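Undergrad: Quick one: the structure is below, questions incoming.
The values are calculated or read from the model by the stated rules, or taken from the named source; none is laboratory data. The structure presented is a predicted model; accordingly, all values stated were derived computationally and were not measured. Using ideal geometry, Cβ is built from the backbone for each residue, glycine included, and neighbour counts are taken over all protein chains shown.
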């Protein structure tokens, strides 16, 4: 029996467990679109721009980490389609999220002639993907799909890119079986290594854990929380990994990244032992490699990561542990060698975080974002999935929202703007029964706000909160620090975002005060579909840490 290469490709994806793909259609992979139209096992989501496609696939892979660990899947066309989607690949790489991007490519006979929209995709994506390749032989599609799936989910998860020559997709393939489904291998830690780790933790005077990252899932969250609470170990989460441990845990110490609690930063500096599980200790988590230096004198480091290439790559590691996050967490939770480990610092760190996390009651601005976050905590369900891109606006969510559910935070550690709305679309599809919030700044929102059309097309429930200060706020903050009083290129002239939501068939209202915010958010929570709050804020209110324009100008 024969089948087309495109149908074989889809059969292979079904066998691996794919149930959803995101795409902007292109003529370069029409056979794939045709095969998908007959496939009841996979939902095809048509989006409005390939940047949104890439972000949705990346976010879907992040959401899948909570359950089956499957990668997010995207299909785009060559040239502009692929380069637009490359932002999602970059985010998936830096965020350690599983994703596979398929690109319709030029015919094999036209290669190397700089044909229409031609790019050497394996070379183009090599620096930002775990693996990038081209399928030239249709008979090897099962091999390539199985390898792509395995590469995306194994070790440090990440993106894979496969180019599909257009003429190859039309070929008939004879008796080519699909390969069996690939699952993420469970790498258990060596008992001797666990014994050494527990001895080091027990001997420490001021230990601290930093968790969240590659391969983290619900099982890792459950067992690591159990372990940390049993011994009183304070647990901080890496940058934008705040749902790795419940904020309600009695040992949760807060999040690292931009604008952390100063008391948490001091606790990290004072720690004599750091237990880092899943996190890569990147620039944001370590405040430019200064909070924890690569040599970290007077501190011991136990680094647990599923990819051996990450262990010792940047940081001097006293005990490298190559293991699956959940396997390590369960081993730690069930460890019992007769010694009793009991620290007071976990409860102390949690109390410090609670104080930092509590919004002020008195507004300092007409629409004070700290006070607004207190309203969000009253009215938005505690297990809501908060999706945001990049910008200072996100600081209020990171500081004041309690990421109680899992998964409940979709935010790019790569710092990409425009991620929030596409991620919210992916989340609303994956978890239709949960509240999904797209949190955005005005600059951030307009980078992929067109994906509200995708939300409307598929009838999704989406709460969108846009903080609008008519500027690229993060850049303005740095600008005022480096060149006080010399604003340049950061001012924005914005549309009426509430009316924009209405144009997509949704509901929106403009908000200028905290009283209005309270009333409008309450109305929004009583509605379904797309609901958007256009919140006008004062540029003076620059960051959740309290920085203002006046303060920066005055040194």
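Undergrad: Residue 109 versus (1) closer than 25 Å to residue 42 by Cα; (2) assigned to a helix (DSSP H, G or I): which is the lone unmet condition?
TA: Looking at each condition in turn, residue 109 falls short on (1).
Undergrad: Looking at residue 3 and the list (1) in a strand (DSSP E or B); (2) in contact (Cβ under 8 Å) with a residue 40 or more places away in the chain; (3) within 30 Å of residue 156 (Cβ to Cβ), which single condition is not satisfied?
TA: Answer for residue 3: the failing condition is (3).
Undergrad: Checking the conditions here, which among 20, 113, 78, 108 is surrounded by fewer than 24 Cβ atoms within 10 Å (Cβ to Cβ), over 21 Å from the mean Cα position of the chain (by Cα) and touching a residue at least 12 places away in the same chain (Cβ under 8 Å)?
TA: Going through 20, 113, 78, 108 in turn, just one is surrounded by fewer than 24 Cβ atoms within 10 Å (Cβ to Cβ), over 21 Å from the mean Cα position of the chain (by Cα) and touching a residue at least 12 places away in the same chain (Cβ under 8 Å): 108.
Undergrad: Based on this model, can you work out whether residue 40 counts as assigned to a loop (DSSP other than H, G, I, E, B), out of contact with any helix residue (DSSP H, G or I) (no Cβ under 8 Å at 6 or more places or on another chain) and in contact (Cβ under 8 Å) with a residue 40 or more places away in the chain?
TA: no
Undergrad: For residues in the stretch 285-318 being surrounded by 18 or more Cβ atoms within 10 Å (Cβ to Cβ) and touching a residue at least 60 places away in the same chain (Cβ under 8 Å), which is nearest to the chain's Cα centre (by Cα)?
TA: Ranking the qualifying residues of the stretch 285-318, first place goes to 285.
Undergrad: Another question about this same structure. Kindly indicate which of 22, 55 is in contact with a helix residue (DSSP H, G or I) (Cβ under 7 Å, 6 or more places away or on another chain) and part of a strand (DSSP E or B). Before you say what the answer is, go through the steps one by one.
TA: Details: 55 fails: part of a strand (DSSP E or B).
Matching residue, one of 22, 55: 22.
For every residue, the table says whether it meets (1) farther than 20 Å from residue 185 by Cβ; (2) modelled with pLDDT of 95 or more; (3) in contact with a strand residue (DSSP E or B) (Cβ under 9 Å, 6 or more places away or on another chain); (4) not assigned by TED's automatic domain parsing to the domain that holds residue 252.
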site	(1), (2), (3), (4)
300	yes, yes, yes, no
304	no, yes, yes, no
317	yes, yes, yes, no
338	yes, no, no, no
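Undergrad: Also, I was wondering about something else. Anything in the stretch 374-408 that is in contact with a helix residue (DSSP H, G or I) (Cβ under 6 Å, 6 or more places away or on another chain) and surrounded by fewer than 19 Cβ atoms within 10 Å (Cβ to Cβ)? List them, or say none.
TA: 375, 379, listed by residue number.
Undergrad: Would it be correct to say that residue 513 is surrounded by 20 or more Cβ atoms within 10 Å (Cβ to Cβ) and modelled with pLDDT of 95 or more?
TA: no
Undergrad: Another one. Just to be sure, is residue 84 modelled with pLDDT of 95 or more, part of a loop (DSSP other than H, G, I, E, B) and surrounded by fewer than 20 Cβ atoms within 10 Å (Cβ to Cβ)?
TA: For residue 84, the condition - modelled with pLDDT of 95 or more, part of a loop (DSSP other than H, G, I, E, B) and surrounded by fewer than 20 Cβ atoms within 10 Å (Cβ to Cβ) - is not met.
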